[in-house]
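Structure first, commentary second.
The values are calculated or read from the model by the stated rules, or taken from the named source; none is laboratory data. In this text, all values refer to a predicted model and were calculated from it rather than measured experimentally. Ideal geometry is used to build each Cβ from the backbone, glycine not excepted, and the neighbour counts take in all protein chains shown. Protein only, heavy atoms only, side chains kept; ligands, DNA and RNA dropped before computing areas. Shrake-Rupley method; radii C 1.70, N 1.55, O 1.52, S 1.80 Å.
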Amino acid sequence: MCCCECFIRGTFELMHHKSMVREARDIRIGTAGWTLPKQHAGLFPVEGTHLSRYARGLNCVEINSSFYRPHRLKTWERWAESTPAGFKFAVKMPKAITHEANLLNAGALLQGFLEQVRGLGEKLGPLLIQLPPKLAFDEGVAHEFFTTLRELHGSAAVLEPRHASWFTPGVDRLLRGFEIARVAADPAKGSALAARPGGWHGLRYYRLHGAPRTYYSEYSGEFLTEFVAAVREETPAVTKETWVVFDNTALGHATANAIELARLVRR
């Protein structure tokens, strides 16, 4: 069975919570970054910057450059000003926090990061906390980090762990306590449970990296159709917003997949 089939199966397995399911609403669909591949540029308006054109075709984007380097406040403000009302940015947390500090004593780094992203204003969406594959769960470290995060930032945050030790009922309870959603990722890393949403139910966040070849593979129309059906069936009533971000950007497939998924959602 391929990774895509496992992902769909994992999503459908959540449908047994019949009392909690409802029609999905407030679905945001976008890509990692707003590059407009030449072969798909015709799907977007002709005039404007890449970001302003992108934002007239999709309603969110995930910023990954923040993982590698900081941006000036004016840059964040310019990005916000370039997009229409209602558009949202998810922002990946810097590697200095997640991969170098390993979440330890990260208060000053967190504060500096949050001072930058405030330039997005009301267009700031979830903070994406992607952990390194070798970072195992440590309850003391996790509790201290999430406490600090919540002292500094009361809005949406999602976690993408990639070590098996994070996929337990106890960790899910911890995440729910801090209102942090666990990413549903394809392909799943660290555990088969990584294919399913976890943690806080108020937000769902799917990251589709491409399968079988991460970052390169295109998702088929059949996969996208089944994915929409699964999300609509299994999203809990308490979920306020669902994000779907395509990260299969290496050959430009993310853009076409996102546009097609948006079309399927509107049907």
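Placing +1 at every Lys and Arg Cβ and -1 at every Asp and Glu Cβ, with all other atoms neutral, what dipole size does segment 110-156 have around its Cα centre, in debye to the nearest 20?
200
For segment 114-154, take every pair of Cα atoms, bin their distances at 10 Å starting from 0, and report each bin as a whole percent.
22, 48, 26, 5
Would you please put 91-103, 140-152 in order of how densely packed they are, using the mean number of other Cβ atoms within 10 angstrom per residue and starting with the highest?
Values: 91-103: 19.0, 140-152: 15.8.
For the peptides 91-103, 140-152, the packing ranking is 91-103, 140-152.
Can you list residues from other chains, or at least 5 along the same chain, whose modelled amide H is less than 5 Å from the amide H of F137?
Under 5 Å from the amide H of F137 lie the amide H atoms of S165, W166, each far enough along the sequence or on another chain.
Within 12 Å, Cβ to Cβ, of H253, how many net charges do the neighbouring residues add up to if Lys/Arg are +1 and Asp/Glu are -1?
-2
With a 1.4 Å probe and all protein chains left in place, how much accessible area per residue does segment 39-150 have, in Å²?
For segment 39-150, the solvent-accessible area averages 48 Å² per residue.
Sum up the lysine pairs in segment 45-161 that clear both bars: alpha-carbon distance under 16 Å and a spacing of 8 or more or different chains.
Number of lysine pairs found: 4.
For segment 76-200, with equal point scatterers placed on the C-alpha atoms only and solvent neglected, what are the log10 I(q)/I(0) values from the Debye formula at q = 0.13, 0.21, 0.23 1/Å, to two decimals?
-0.52, -1.24, -1.41
Show me 218-228, 236-246, 38-48 ranked by packing, highest mean number of other Cβ atoms within 10 Å first.
Values: 218-228: 16.9, 236-246: 19.4, 38-48: 12.5.
Sorting 218-228, 236-246, 38-48 by mean packing, highest first, produces 236-246, 218-228, 38-48.
So how far apart, in nm, are the two label points at K240 and A136 if each is 7 Å from Cα heading toward Cβ?
3.6
Using 0.36 nm per residue, how much length does the chain from E100 to L152 gain when fully extended, once their Cα-Cα distance is taken away?
Numbers: separation 52, 0.36 × 52 = 18.72 nm, distance 2.03 nm.
Stretched fully, the E100-L152 segment lengthens by 16.7 nm.
DSSP beta bridges in the chain, what fraction antiparallel, as a percent rounded to 5?
Percentage antiparallel, nearest 5: 10.
Just name one of I180, Y54, Y215: the one whose Cα is farthest towards the positive end of the charge dipole of the chain (beta-carbon charges, Lys/Arg +1, Asp/Glu -1).
Value: Y54.
Please give the contour-minus-distance gain from H143 to T214: 0.36 nm per residue of separation, less the Cα-Cα distance, rounded to one decimal in nm.
Details: separation 71, 0.36 × 71 = 25.56 nm, distance 3.12 nm.
The span from H143 to T214 would gain 22.4 nm if fully extended.
What is the P(r) of the chain, as percent of Cα-Cα pairs per 10 Å bin from 0?
Each 10 Å bin holds this share of Cα pairs: 7, 31, 38, 22, 3, 0.
From the phi angles alone, apply the Karplus equation (6.51, -1.76, 1.60; θ = phi - 60°) to segment 74-90 and give each ³J(HN,Hα) in whole Hz, x where the residue is Gly or Pro.
Once rounded to whole Hz, the list reads 5, 5, 4, 5, 5, 4, 4, 5, 7, 10, x, 4, x, 6, 10, 10, 8.
Show me the ranking of peptides 71-82, 173-184 by mean Cβ neighbours inside 10 Å, starting with the highest.
173-184, 71-82
Roughly how many percent of the accessible protein surface of the chain is carbon and sulfur, given a 1.4 Å probe and a whole-percent answer?
On the chain, the fraction of accessible area on carbon and sulfur atoms equals 52 percent.
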